[in-house]
Structure formats: C-alpha cells, structure tokens
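The next block holds one structure in the form of structure tokens; read it before the comments.
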Amino acid sequence: MVAVSSWGRLGSWEHQVLALSDRNQIDKQLLQNRLGIAYGMGRSYGDVCLNPEGMLWNTRGLDRFISFDQNTGRLLCEAGVLLRDIQKLSIPRGWILPVTPGTQFVTVGGAIANDVHGKNHHVSGSFGDHVQRIKLARTDGSIIECGPEVLPEWFFATVGGIGLTGVIVEAEIQLCRVAGPWLNAETVPFTDLEEFFRLADESEANWEHTVSWIDCISDSGRGIFMRANPIDAGSRSEPKPRNLTMPFVPPFSLVNRFSLRPFNMAYFNRNKARQGSEIVHYEPFFYPLDNLLEWNRMYGPRGFFQYQSVVPREVGSDAVQQMLTEIAHSGEGSFLAVLKTFGNRQSVGMMSFPRPGVTLALDFPNRGERTRKLFERLDAILREAGGRIYLAKDARMPKDLFEAGYPRLEEFLRYRDPGISSSLSRRLIGN
Ligand SMILES: Cc1cc2nc3c(=O)[nH]c(=O)nc-3n(C[C@H](O)[C@H](O)[C@H](O)COP(=O)(O)OP(=O)(O)OC[C@H]3O[C@@H](n4cnc5c(N)ncnc54)[C@H](O)[C@@H]3O)c2cc1C
C-alpha cells in the first residue's frame with residue numbers, strides 16, 4: 001500500500017498502486033485488478049482521482065508518442081503523455097495543443113477525463129473538442145475504440161467522464177497551427193465587475209486567450225484582465241527554466257488573513273503599473289503557477305480546497321458579485337482567484353464542466369468548519385443561479401448540487417464501467 005494524495009493535499013490515503021506501462025497488456029491487467037480508478041498526475045484538487053484503501057491504476061508509464069503527422073498536425077500518443085511533452089515536441093514543428101489548462105503537468109488521459117478548458121474556451125472549446133479517437137480499456141477485458149464519429153455515445157461519455165467509463169489507453173489529437181512560442185499579451189486593470197464584463201465582451205472577438213485575476217479581499221470586484229494572441233515574433237531567446245520548488249510543508253498555511261491583504265494589494269498595484277502590451281513566451285502566460293513546483297505545500301499540513309463554479313451569463317454578474325461579497329466578508333480566500341467567461345458553446349462530454357457563462361475559481365486554505373460553512377453559503381448562491389461545480393476541483397459538494405448541475409448524469413451512467421470506483425463516485429453517485 002502507498003499513501004497518495006491529490007493536489008489539494010487534504011489528506012493522504014493508502015492505496016494499492018498498479019503501474020500501467022504496456023498498452024497491449026492493459027485489458028488483461030484490468031481484468032485481474034478490478035475496482036480501481038486511473039490516476040494520472042494527480043493534478044485534480046479533490047477526490048476524483050482517489051480511491052482510499054482500494055486500487056489506483058497509475059498511467060504515467062504510458063508515456064509514448066505513437067505517431068505524429070507534421071503535415072496534418074495529427075498526434076497519436078499514449079494516455080500518460082504529459083501536455084508539456086506534447087508542447088515541447090510540436091511547437092518547434094509549427095503545431096500547438098488547441099486547449100491547455102493552467103498547468104502543463106497533466107496527462108492526456110486526465111485532460112480528456114476532466115475535459116479540461118483553457119483561456120481560449122470562447123474560440124476553441126474544451127480539450128475533448130480536439131480529440132479524434134480514443135482507445136478505452138474496460139475492466140471486463142474489452143477494448144472500445146471510439147471518437148466523435150465512431151461509437152460517439154461512448155466517446156461523449158468518456159470525455160469529461162472522470163475516469164468512470166474505462167481507462168483511456170491512447171488518444172489521437174488534432175493540434176493547431178502556430179507560428180512559434182510567442183504571444184502578444186495585454187494587461188488591463190479593472191475596478192469592478194461591470195468593467196470586467198465589458199472587457200470580456202469586447203475581447204472575445206479579437207483575442208484568442210482571455211483570463212483575469214480578481215482581488216477577493218475587495219468586494220468591488222477589482223482585478224487584472226489579461227488577453228493574448230499568438231504572434232510570429234521571429235527567433236528570440238526563450239526564458240530559462242526556473243526550476244524553483246516549494247521546499248517543505250510549513251506548519252501552518254502561509255496563505256492567511258495576514259498575508260492575503262498585502263499580497264493582493266501588491267499584485268494589483270504591480271500589474272496596474274505594468275499595463276499595456278508585451279511579447280511573452282507561452283509558458284509563463286499559460287502556466288504561471290508551474291514556475292514554483294509543489295506550490296500546493298504552501299497551504300500547510302491541512303491542505304486547501306478549490307471552489308470552481310460556472311453560472312449562466314444572464315445571472316453571472318449578480319451571482320459572482322454575491323459570491324465575492326460573501327468571500328470578502330468571510331475573510332477567507334487566497335490570492336489564487338480567477339474569473340473568466342466561457343464562450344457560447346456546449347461541451348461534447350455528457351459530464352463536462354464548461355458551459356456558456358462565467359466561471360470563478362478560488363483557492364481556500366482548509367480551516368475546517370469555517371471553510372465548509374462559507375462553501376454552504378456559496379452553494380446556496382450557485383443553486384439559485386442554476387450553476388455547477390467543477391468535478392476536477394471538488395472534494396465536498398452536496399449530492400443535490402451535483403445532480404442539479406449535471407443533468408445528463410442518468411444518460412452517462414449507462415456507460416459506466418462497474419469495475420471502476422473512486423472516492424468521488426461513491427460520495428456523489430453512491431457506488
Ligand atoms: C495549477 C493547476 C492549474 C489548473 N488549471 C486548470 C485549468 O485552467 N482548466 C482546467 O480545466 N483544469 C485545470 N486544472 C485541473 C487539471 O487540469 C485537471 O484536474 C486534470 O484533469 C489533471 O490531470 P491529471 O493527469 O493530473 O489527472 P488526475 O488528476 O490524476 O485524474 C483526473 C481524472 O482523470 C482520470 N484519468 C486520468 N487518467 C486517465 C486515463 N488514462 N483514463 C481514464 N481516466 C483517466 C482520473 O481517474 C480522474 O478521474 C489545474 C490544476 C492545477 C494543479
């Protein structure tokens with residue numbers, strides 16, 4: 001047994017870990033080792049990739065590129081390949097991942113199973129929109145090959161299917177043309193939510209990537225809006241990798257009411273002073289948090305939660321304002337607070353998180369009952385607004401909110417593999 005946790009470090013639980021590395025043996029391995037769940041990089045914050053006292057199928061050994069067509073940008077790879085390794089291979093050859101989340105230390109299987117989104121949802125949708133085919137191993141020893149046009153119902157259940165339909169063994173992804181690793185990025189400070197929505201609306205037509213940081217201490221909704229487009233900036237020297245690591249787990253959370261206010265003030269003022277355009281490399285723009293490895297240790301031994309929700313656009317302004325007011329009054333929250341609009345497009349996955357609207361994501365140090373009470377108040381706002389919580393980030397949402405937020409649950413459950421179970425599936429689905 002091995003102690004395993006997820007990114008939120010809310011605990012560490014014993015698991016029996018089975019390493020998957022030979023893609024031709026997985027059907028047999030699953031048949032002999034049922035009642036597990038796939039585990040990629042464990043970059044999900046809550047319990048979607050955990051199965052305490054049970055089996056984890058670790059997919060990191062499935063790390064091979066199978067083929068790459070430089071003329072068409074079609075990539076076939078095993079499911080444990082990291083998004084970082086795809087970018088390193090493809091960008092110098094003129095192709096880039098069409099969708100990438102805020103960290104590149106994520107596996108292809110994990111990106112499909114959570115149907116991850118990036119800063120360009122309004123242009124490119126989510127990860128599953130660009131997957132052409134997957135090979136799925138089931139615990140009865142069968143293999144299903146599916147895609148948007150071949151056995152599409154299996155594909156749409158597996159994209160965003162949080163690992164519950166089978167283990168993705170390999171995937172074919174359509175990459176996107178790119179001139180190089182550079183972006184033309186612009187930083188615009190805003191003082192309230194009204195200004196944020198105006199910037200978001202005006203940017204969607206002309207900017208491929210948009211995201212903003214929001215100051216959760218000030219309930220006005222001030223923040224920093226960032227937008228960027230890929231550009232051909234010729235050859236420039238790339239930033240040196242910094243390889244900094246948070247070296248230890250402090251005895252208490254370094255993110256607390258004493259550090260939060262000065263940090264947010266300094267961050268807002270520094271970026272306000274830097275407003276304007278600059279040419280930036282894709283890594284610091286897409287993955288700013290990857291600069292400090294193991295930054296999740298900062299929250300101390302009790303770990304942290306992320307609360308990421310999406311609400312429909314029509315009620316977005318009111319709902320986000322109410323949430324920010326609750327958070328500011330509670331004195332909880334952290335400097336990792338992200339606000340972003342999703343484009344007007346439906347996700348392909350039955351259980352995908354993205355939907356048209358606005359998404360707010362905030363990290364909260366785990367302060368026990370206090371934090372849970374705040375979440376109950378945020379849940380009430382979300383219920384009223386008809387929103388949903390992101391399963392990749394969740395460790396505690398109540399069942400009724402899950403069922404209301406994911407209306408295709410019944411349909412999805414027809415494709416569930418009965419030999420797969422996770423902590424999240426038991427908590428929210430019952431088995
Ligand atoms: C700093 C940071 C920033 C982030 N930013 C974003 C963001 O901008 N947008 C976003 O959408 N997400 C974001 N995330 C969340 C992250 O992208 C997702 O949780 C992602 O799914 C993690 O991938 P993983 O390989 O670590 O998978 P894990 O966390 O290990 O697993 C995630 C799920 O995928 C399943 N799974 C993994 N491999 C397979 C497989 N081969 N077959 C079937 N199921 C499998 C697991 O069972 C589990 O249900 C962020 C996370 C961090 C830490």
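Points worth noting:
- Residue 361 vs. criteria out of contact with any Leu (no Cβ under 7 Å at 6 or more places or on another chain) and either part of a strand (DSSP E or B) or hydroxyl-bearing (Ser, Thr, Tyr) (or both): yes
- Cβ-Cβ under 6 Å pairs, at least 6 apart or on other chains, the range 119-138 side open to solvent by 10 Å² or more (accessible area, probe 1.4 Å), far side part of a helix (DSSP H, G or I) and away from the ligand (no atom under 13 Å from the Cβ): 122/204
- Against the numbered list (1) in contact (Cβ under 8 Å) with a residue 24 or more places away in the chain; (2) out of contact with any strand residue (DSSP E or B) (no Cβ under 6 Å at 6 or more places or on another chain), residue 152 comes up short only at (1).
- Residue that is farthest from the ligand (Cβ to nearest atom), among those in the range 50-100 that are in contact with a helix residue (DSSP H, G or I) (Cβ under 8 Å, 6 or more places away or on another chain) and open to solvent by 50 Å² or more (accessible area, probe 1.4 Å): 70
- Residue within the range 232-252 that is touching a residue at least 60 places away in the same chain (Cβ under 8 Å), farther than 25 Å from residue 92 by Cα and open to solvent by less than 20 Å² (accessible area, probe 1.4 Å) present: no
- Within the option set 25, 16, 29, being open to solvent by 30 Å² or more (accessible area, probe 1.4 Å) and within 14 Å of the ligand (Cβ to nearest atom) holds for one residue only, 29.
- Residue in the range 403-431 that is most open to solvent (accessible area, probe 1.4 Å), counting only those that are among the acidic types (Asp, Glu) and away from the ligand (no atom under 13 Å from the Cβ): 410
- Just one of the numbered conditions (1) in a helix (DSSP H, G or I); (2) more than 15 Å from the ligand (Cβ to nearest atom); (3) not charged (D, E, K, R) is not true of residue 109: (2).
The values are calculated or read from the model by the stated rules, or taken from the named source; none is laboratory data. Predicted, not measured: the structure shown is a model, and the values here were computed from it. FYI the Cβ positions are ideal-geometry reconstructions off the backbone, even for glycines, and counts take in every protein chain you see. SASA here: full protein model, heavy atoms, side chains in, ligands and nucleic acids out. Shrake-Rupley method; radii C 1.70, N 1.55, O 1.52, S 1.80 Å.
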